[in-house]
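Undergrad: Dropping the structure in here first, questions after.
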């Protein structure tokens, strides 16, 4: 079995970061044909909030556990902004019902992943179990992806 080589930028090894970046790309593509200036303003707000999810994960991953927890909570706030913006965009015809549902799926999964990571940080877990999207979301049963050292600088493969 091939050993995975960690990325130079350690946050790139976090599945939650990858999922957040994927959502950012997806929402940009979903909103590609916005035509009026007022809708473009809403589009920029949605994209900014979507990008804030991954940017806060990145920023927090280089900090202490308590600071990482703080940045993850900011990322969850950006998720709630995206829910609101996409609901409005759907109501204005900028996003189809299917795209709105897909956005919600992305955002719910990101909420679960970030919530699990927060729980792990609050527990002080050094080697959390792998996050399983099918796992019940009870506080005692959920932990995030990846293995972290005490300062979150290194991720084991």
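The values are calculated or read from the model by the stated rules, or taken from the named source; none is laboratory data. Every value quoted in this text rests on a predicted model; they were computed, and no experiment measured them. Neighbour counts are summed over all protein chains in view; Cβ atoms, including those assigned to glycine, are modelled from backbone coordinates with ideal geometry.
Undergrad: Under the condition of being surrounded by fewer than 15 Cβ atoms within 10 Å (Cβ to Cβ), without any contact (Cβ under 8 Å) to a residue 24 or more places away in the chain and touching a helix residue (DSSP H, G or I) at 6+ places or on another chain (Cβ under 8 Å), which residue from region 71-118 is nearest to residue 28 (Cα to Cα)?
TA: Here the answer is 96.
Undergrad: Still on this structure, please answer the following. Can you name every residue in region 1-19 that is part of a helix (DSSP H, G or I), surrounded by fewer than 18 Cβ atoms within 10 Å (Cβ to Cβ) and touching a residue at least 40 places away in the same chain (Cβ under 8 Å)?
TA: If the condition is that a residue be part of a helix (DSSP H, G or I), surrounded by fewer than 18 Cβ atoms within 10 Å (Cβ to Cβ) and touching a residue at least 40 places away in the same chain (Cβ under 8 Å), then 15 is the only one that fits.
Undergrad: Could you tell me whether residue 138 is under 13 Å from the mean Cα position of the chain (by Cα) and either at pLDDT below 95 or closer than 14 Å to residue 23 by Cβ (or both)?
TA: Spelling it out, it is not the case that residue 138 is under 13 Å from the mean Cα position of the chain (by Cα) and either at pLDDT below 95 or closer than 14 Å to residue 23 by Cβ (or both).
Undergrad: Also, I was wondering about something else. Being without any contact (Cβ under 8 Å) to a residue 60 or more places away in the chain, under 24 Å from residue 109 (Cβ atoms) and part of a helix (DSSP H, G or I) is the filter here, so list the residues in region 20-43 that pass it.
TA: Once the filter is applied, which keeps residues that are without any contact (Cβ under 8 Å) to a residue 60 or more places away in the chain, under 24 Å from residue 109 (Cβ atoms) and part of a helix (DSSP H, G or I), region 20-43 yields 21, 24, 25, 28, 29, 42, 43.
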